[in-house]
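The values are calculated or read from the model by the stated rules, or taken from the named source; none is laboratory data. Given the structure is predicted, the values throughout are model-derived calculations rather than measurements. As a convention, Cβ positions derive from the backbone with ideal geometry for all residues, glycine included, and neighbour counts pool all protein chains shown.
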Amino acid sequence: MSVQEILVINGPNLNLLGQRQPEIYGYDTLQSIEAKCAELAGELGVAVRFGQSNHEGAIIDLIHEARERSAAIIINAGAYTHTSIAIYDALKTFDGYIIELHISNPHAREEFRHKSWISPVADAVMAGAGAYGYELATRLAAEKIKSA
């Protein structure tokens, strides 16, 4: 296992960052966020790997793979945050550090976004920091896995 790897999982529609509702999600693209996190991870002495899918099963597959090769997961499950017991179940099988991430603050949005199936299995939750939240989460995950 690569005990120094952080897996960043992005769910549905996050491939459209920078284009989709920039008034909520900003203008950073997923590629630019990945580049910033990779640079930061290098400075912190860890590796970061990104995965994105619009399909629930593919996200579960990423979590299963992480069980063998990653020490931490940062997950922005998008709308699946509020609907997927299957992703919740998969995350429960992961023994590393888990950070739930949201670009916006779901509690300041529609009522249906207030319930998270990820929060009960997450060690930390970051919300409302925009794309910068990915860098904050990378920094926290690196600190946690290096001190473990």
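Applying the criterion of being crowded, with 16+ Cβ neighbours inside 10 Å and out of contact with any strand residue (DSSP E or B) (no Cβ under 7 Å at 6 or more places or on another chain) to the residues of the range 8-17, the residue that is modelled with the highest pLDDT is Pro12. Report yes if Ile9 is part of a strand (DSSP E or B) and under 21 Å from Ala129 (Cβ atoms), otherwise no. Considered against the rule, which asks whether it is part of a strand (DSSP E or B) and under 21 Å from Ala129 (Cβ atoms), Ile9 comes out as yes. Assessment of the range 107-119 against the conditions (modelled with pLDDT of 95 or more and part of a helix (DSSP H, G or I)) yields at least one matching residue. For the range 88-125, a residue qualifies if it is over 15 Å from Ala137 (Cα atoms) and acidic (Asp, Glu), and the qualifying residues are Asp89, Asp95, Glu110, Glu111.
Restricting the range 1-40 to residues that are without any contact (Cβ under 8 Å) to a residue 24 or more places away in the chain and among the aliphatic types (A, V, I, L, M) leaves a set whose member that is farthest from Ala137 (Cα to Cα) is Leu16. For the criterion of being surrounded by fewer than 18 Cβ atoms within 10 Å (Cβ to Cβ), on the phi < 0 side of the Ramachandran plot and either modelled with pLDDT under 95 or in contact with a strand residue (DSSP E or B) (Cβ under 7 Å, 6 or more places away or on another chain) (or both), Leu136 passes. Looking only at the range 66-94, residues that are touching a helix residue (DSSP H, G or I) at 6+ places or on another chain (Cβ under 9 Å), assigned to a helix (DSSP H, G or I), touching a residue at least 60 places away in the same chain (Cβ under 8 Å) and over 15 Å from Leu14 (Cβ atoms) come to 0 in all. One residue stands out in the range 84-106 among those that are over 21 Å from Val48 (Cα atoms) and among the small types (Gly, Ala, Ser): the one that is modelled with the lowest pLDDT, namely Ser104.
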